[in-house]
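All remarks here apply to the structure that follows.
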Amino acid sequence: MRARYRIPLNAALAVSAVAAGTLAYAAGFEARSFRLRRVSVPVLPPGAPPLRVLQVSDIHMVSGQHKKRRWLQSLAGLRPDLVINTGDNLSDPEAVPEVLDALGPLMEFPGAYVFGSNDYYAPALRNPARYLLERASGRHGLNGNAPARNVPRNPWWLLRDAFDEAGWANLTNTRGQLKAAGVEIALTGLDDPHIKRDRYTEVAGGPDPDADLSLAVVHAPYLRVLDAFTADGYPLILAGHTHGGQLCVPFYGALVTNCDLDTDRVKGLSHHESADRRSYLHVSAGCGTNRYTPVRLACPPEATLLTLTPTTT
């Protein structure tokens, strides 16, 4: 006869209590524990003054998120020289006015943007385990998975029109140029690789030799895009999408990136190498979550102030 093993009631209750407490912390506190991260990146010409770039990403605004809206508004107090928005502003088709209210003070500064899949399409309820399965199988978004059908669309064009009216450069599979703090900046952007909207052949050719600085901007940091930007010689690539792993293991880190980027570079500043060239890569962990998984663990919501400084060689 096979022996039967039972978990003691006290142990089961303890495990349940820990799980419930962790969920309450992840949803009630950490997901609303907004913070600013600061990094320095040596990419400017020798002798140039520092340039302060504020990157906001993955806002995933849902109507009624007042604390997030006030926090984003407060970032204007940093007085950045340049604002880069790396997409996924929406998680609610009714939240466009709240996104624009949140970003309104930042739209007074020079800026540029790309969109992510959640700007175009409304989020869907998913089993979080699918992210682990996709990581194991190498499929992410439309990069290996079957296209989603009958997905409700978000009114992304309202965001586009407001950003354009504010003077932000639309980098959707195109190049742009602007001047910030006396620095001539060339920008090259792609539409979201997560849903295969990137068209690198339309922007290939590398940095603008007449600009003081060239930046590459994309929502999802897929390797094919990072390889192309790096091989073309861009000194700095800015991306978002990963949420920093969102549900991380304390003292271990992220389990998934929701793309083919390795988990060691799921957020923050790192390097990417391609064709014997090397670029800086900054991936924002973002400040929001999908409306159906409003939790973060060991990965607080963030924006980043990047201080660009002169190269040392």
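The values are calculated or read from the model by the stated rules, or taken from the named source; none is laboratory data. What you see is a predicted model, and the numbers here were worked out from it, not measured in a lab. Neighbour counts are summed over all protein chains in view; Cβ atoms, including those assigned to glycine, are modelled from backbone coordinates with ideal geometry. The accessibility values were calculated without ligands, DNA or RNA, using every heavy atom of the protein model including side chains. Shrake-Rupley method; radii C 1.70, N 1.55, O 1.52, S 1.80 Å.
Residues that are assigned to a helix (DSSP H, G or I), open to solvent by less than 60 Å² (accessible area, probe 1.4 Å) and in contact with a strand residue (DSSP E or B) (Cβ under 8 Å, 6 or more places away or on another chain) do not occur anywhere in the range 167-180.
When restricted to residues that are within 17 Å of L236 (Cα to Cα), open to solvent by 20 Å² or more (accessible area, probe 1.4 Å) and not small (G, A, S), the range 187-209 contains 4. Being among the small types (G, A, S) and touching a Lys or Arg at 6+ places or on another chain (Cβ under 6 Å), is that true of even one residue in the range 258-280? No, every residue in the range 258-280 fails to be among the small types (G, A, S) and touching a Lys or Arg at 6+ places or on another chain (Cβ under 6 Å). Considering only residues in the range 275-294 that are more than 10 Å from the chain's Cα centre (by Cα) and open to solvent by less than 20 Å² (accessible area, probe 1.4 Å), the one that is farthest from G111 (Cα to Cα) turns out to be T289. If you go through the range 54-73 and keep only what is in contact with a Cys (Cβ under 9 Å, 6 or more places away or on another chain) and open to solvent by less than 10 Å² (accessible area, probe 1.4 Å), you end up with V56, S57, D58, I59, H60, L72.
Condition check ((1) open to solvent by 50 Å² or more (accessible area, probe 1.4 Å); (2) closer than 27 Å to A180 by Cα) across all residues:
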position	(1), (2)
R52	yes, yes
A95	no, no
N127	yes, no
Y131	yes, no
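Just so you know, in the range 210-228 the residues that are under 21 Å from D260 (Cβ atoms) and in contact with a strand residue (DSSP E or B) (Cβ under 6 Å, 6 or more places away or on another chain) include one that is surrounded by the fewest Cβ atoms within 10 Å (Cβ to Cβ), and it is D227. Of the listed requirements (1) closer than 24 Å to Y222 by Cβ; (2) surrounded by fewer than 20 Cβ atoms within 10 Å (Cβ to Cβ), S117 misses just one: (2). For the range 74-92, the set of residues classified as surrounded by fewer than 21 Cβ atoms within 10 Å (Cβ to Cβ) and assigned to a strand (DSSP E or B) is empty. Residues that are more than 18 Å from E302 (Cα to Cα), in contact with a strand residue (DSSP E or B) (Cβ under 6 Å, 6 or more places away or on another chain) and touching a residue at least 12 places away in the same chain (Cβ under 8 Å) do occur in the range 74-84. Going through (1) open to solvent by 40 Å² or more (accessible area, probe 1.4 Å); (2) at pLDDT below 95; (3) under 19 Å from G244 (Cβ atoms) one by one, E30 falls short only on (1). Of the residues examined, I185 is one that is more than 24 Å from Y120 (Cα to Cα) and either assigned to a loop (DSSP other than H, G, I, E, B) or touching a residue at least 24 places away in the same chain (Cβ under 8 Å) (or both).
Entry remark, the range 133-156: residues being surrounded by 13 or more Cβ atoms within 10 Å (Cβ to Cβ) and without any contact (Cβ under 8 Å) to a residue 24 or more places away in the chain number 1 in total.
Residues checked against (1) modelled with pLDDT under 95; (2) within 29 Å of L261 (Cα to Cα):
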| residue | (1), (2) |
| --- | --- |
| V96 | no, no |
| L100 | no, no |
| E134 | yes, yes |
| W156 | no, yes |
| W168 | no, yes |
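Under the condition of being closer than 24 Å to T307 by Cβ and out of contact with any Pro (no Cβ under 8 Å at 6 or more places or on another chain), the residues counted in the range 191-209 number 1.
With respect to E184, determine if the residue is over 30 Å from P93 (Cα atoms), open to solvent by 50 Å² or more (accessible area, probe 1.4 Å) and among the charged types (D, E, K, R). Taking the combined requirement at face value, the residue satisfies it.
Evaluated against (1) open to solvent by less than 40 Å² (accessible area, probe 1.4 Å); (2) touching a residue at least 60 places away in the same chain (Cβ under 8 Å); (3) under 29 Å from T293 (Cα atoms), Q246 falls short on exactly one condition, (2).
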